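To start, the structure itself, in structure tokens.
The values are calculated or read from the model by the stated rules, or taken from the named source; none is laboratory data. Because the structure is predicted, anything quoted here is derived from the model rather than measured. For neighbour counting, all protein chains shown are included, and Cβ atoms are generated from backbone atoms with ideal geometry for every residue, glycine included.
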Amino acid sequence: MFEINEIIIWLENNPQWIALGIIGASFIESFALIGIIVPGVVLIAVISGLASASLSLYEVVLLAYFASLFSDIASFFIGFGLRNSLSNIWPFKNHPEFLMNGKKFFKQYGMIGLFVGKFIGPIRPLLPITAGSLDMDRKRFFMIEIISCLIWALVYTVPGYYAGQAVVSESTNPLESVWFWIGIVVLLVLIRYLSKKFK
């Protein structure tokens, strides 16, 4: 069973692995075959907070960005390579609705859906593998991913990073951290908007 608390406690006791934790959580959250069942967003937010004691914000964002981008690209090529037999492998064999929902969303919203879907938890890990299975133009896919992964990394790491910084540093008051509150507001508004728009 996947236990978030155990990972967080372990990282607190082993801060030298926090960078790897950010990479792992960001990769897992976006990866087609794992991101469906593992709550990577929670991990990313918490680990970003832990990282505020040892890493700069730029390092945290870049680690999350490249891990997510690599994960989406890997998922795309898995989808392309298995496009004729994707429905016969786990977890799609046991849960065909996963793949059907991804294809339905992708066909309905196209490239805009691929961009926006990056910020919608239930379908985020499904879209790159779906795009690959539908043989989407690679240049367009890479262009969208380069932009969406960067925005995703900012949205999901910045609030956690500043929250962690406010807790760790006695001299930092979260009320004085403009970026912290901007990040929280942007995240809440984005989640609310997308959940209504693509419900």
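P122 passes every criterion in (1) modelled with pLDDT of 80 or more; (2) within 20 Å of A67 (Cα to Cα) apart from (1). Beta carbons closer than 7 Å, at least 6 apart along the sequence or on distinct chains, pair a first residue in segment 57-80 that is farther than 16 Å from Y156 by Cβ and in contact (Cβ under 8 Å) with a residue 60 or more places away in the chain with a second that is buried (at least 18 other Cβ atoms within 10 Å of the Cβ) and of a type in the set (V, I, T) for F76/I129. When residues in segment 119-137 are screened for being free of Cβ contacts under 8 Å to residues at least 60 places away in the same chain, part of a helix (DSSP H, G or I) and not polar (S, T, N, Q), 3 of them pass. Counting only helices (runs of 4 or more DSSP H) that sit completely within segment 9-111, those holding 3 or more residues that are surrounded by fewer than 17 Cβ atoms within 10 Å (Cβ to Cβ) and at pLDDT 70 or above correspond to 57-81.
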